[in-house]
Amino acid sequence: MLDAASKSFFAVLAGSATLKRLASRYGMRRGNSFARRFIAGETVAEALAAAKSLEQTGLSVTLDLLGESVSSLAEADQAARGYISLIEKMREAQVGKNISIKLTQLGLALDDAVAFDNVRRVLDAASAGDFFVRIDMENSPYTDATLATFESLWRLNYRNVGVVIQSYLRRSEKDLRRMNALGARVRLVKGAYREPATAAFQRKTEVDASYVALMRLLLSEGTYPAIATHDPAMIEATRTFAAQQKIAKTAFEFQMLYGIRRDLQTTLAADGHPMRVYVPFGTEWFPYFMRRLGERPANVAFVVRNVSKDR
Ligand SMILES: Cc1cc2nc3c(=O)[nH]c(=O)nc-3n(C[C@H](O)[C@H](O)[C@H](O)COP(=O)(O)OP(=O)(O)OC[C@H]3O[C@@H](n4cnc5c(N)ncnc54)[C@H](O)[C@@H]3O)c2cc1C
């Protein structure tokens with residue numbers, strides 16, 4: 001199937017050191033370089049500027065200091081420090097108090113206990129500043145560990161933290177019911193990684209049907225749900241269900257990625273829906289960028305046009 005094939009192709013390319021070197025050289029070089037469509041910048045200052053300008057148009061934000069699958073505990077420690085410093089700078093700049101983190105960036109693939117300590121350091125800094133922290137969901141080898149980490153944090157009474165459920169995973173209904181029962185804040189997404197058929201639906205129609213079913217469950221039983229998608233059909237299904245069930249527009253939020261469907265972001269916000277934009281930034285943007293290309297191969301044409309202008 002094209003969806004799965006495209007994700008696989010771009011996942012393989014994402015492993016290429018040469019491509020990464022080339023992309024890193026050209027992707028963010030100038031104000032209009034190709035990666036800037038999806039990445040707010042490489043520095044905190046650029047991310048804060050992008051966040052401020054989104055907030056001025058009535059959108060809210062969550063900031064993501066890009067990075068994943070670090071290869072040493074020193075890098076994981078550096079990522080935790082990076083987030084703690086980001087929280088401080090966001091507070092100073094009075095930018096929305098919301099960040100998104102990845103557990104493999106904090107060392108999950110290397111040492112569970114160290115990763116757990118790192119998340120707690122970030123959450124403690126976040127609590128002190130009244131920030132909310134969303135733990136992004138990564139690929140399926142980390143689903144159990146991510147949910148277990150979240151549940152341990154919950155048992156330790158952290159409440160300024162939420163999780164992500166992916167509609168492409170066959171297991172997700174069970175996970176969502178468990179998260180709803182806890183009272184956890186859940187972001188619902190389709191899922192961005194290449195996954196085997198044993199773990200995940202492969203066809204878009206199946207992933208979409210699962211998304212609609214989970215959205216209904218989340219809106220009915222969840223706590224301030226986040227419906228994260230750019231798909232007009234998923235958005236319409238959500239609006240229709242909320243209206244039928246008399247769920248207020250402000251009882252949940254839509255979320256979209258920086259640079260994708262900006263038209264829809266502003267239309268929904270103008271119609272009274274809380275809308276949060278996920279603003280990724282930092283030097284480690286290559287894997288995130290490749291996932292965005294894999295979702296929509298037409299984006300490659302945009303990159304090629306941009307590179308030929310930029311060289
Ligand atoms: C706020 C937010 C947070 C996310 N967090 C996670 C996470 O923690 N874990 C995870 O696995 N995934 C995450 N994702 C990614 C998600 O899983 C999907 O891969 C991504 O959102 C594309 O799916 P879609 O729902 O937009 O629907 P699709 O069916 O993929 O796309 C629907 C339409 O949206 C537009 N569109 C979608 N993607 C692109 C693109 N890259 N470029 C241009 N147009 C596009 C196109 O018009 C397309 O026709 C997140 C997404 C959002 C919006």
Compute the normalised compactness of the chain: alpha-carbon radius of gyration over 2.2 N^0.38 Å, N being the residue count. 0.95
Stretchable slack from Asp117 to Ser85, in nm (0.36 nm times residue separation minus alpha-carbon distance): 9.9 nm
If each part is reduced to its alpha-carbon centroid, region 167-229 and region 131-150 end up apart, in Å, by 13 Å
Go ahead and run the numbers for FRET between Ala181 and Ala49, Cβ-Cβ distance against an R0 of 30 Å, rounding to 0.05. 0.15
Taking R0 as 45 Å, what FRET efficiency do you get between Lys174 and Thr266 from their Cβ-Cβ distance, rounded to the nearest 0.05? 0.80
Rounded to the nearest whole Å³, what is the per residue volume of the convex hull around the Cα atoms of region 96-177? 94 Å³
Dividing the mean separation of Cα pairs under 8 Å (6+ apart) by the residue count of region 38-109 yields a relative contact order in percent of 39 percent
Bins of 10 Å from zero: percent of alpha-carbon pairs in region 149-287: 11, 39, 38, 12, 0
Amide proton proximity set for Val161, modelled H, under 5 Å, gap of 5+: Val133
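Normalising by the residue count of region 84-150, find the relative contact order in percent from Cα pairs under 8 Å and 6+ residues apart.
39 percent
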Within region 55-76, backbone nitrogen closer than 14 Å to the virtual label 7 Å beyond the Cα of Arg159 toward Cβ: none
Taking the Cβ of Arg187 as the centre, find all other residues whose Cβ is under 10 Å away and add up their charges (Lys, Arg: +1; Asp, Glu: -1). +1
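Using a 1.4 Å probe on the protein chains only, how many percent of the accessible area of region 77-173 belongs to carbon and sulfur?
Accessible surface attributable to carbon and sulfur in region 77-173 totals 44 percent.
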Straight distance only, please: which lysines reach the Cα of Lys89 with their own Cα at less than 19 Å, same-chain residues fewer than 8 apart left out? Lys52, Lys97
Using a 7 Å offset from the Cα along the Cα-to-Cβ direction at both Ile247 and Ala213, what is the distance between the two label points in nm, to one decimal? 1.7 nm
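The values are calculated or read from the model by the stated rules, or taken from the named source; none is laboratory data. Being a predicted model, the structure only gives us computed values, none of them experimental. Every residue, glycine as well, gets a Cβ built from its backbone with ideal geometry; the counts of neighbours run over all protein chains shown. Ligands, DNA and RNA are excluded from the accessible area calculation, which covers all protein heavy atoms including side chains. Shrake-Rupley method; radii C 1.70, N 1.55, O 1.52, S 1.80 Å.
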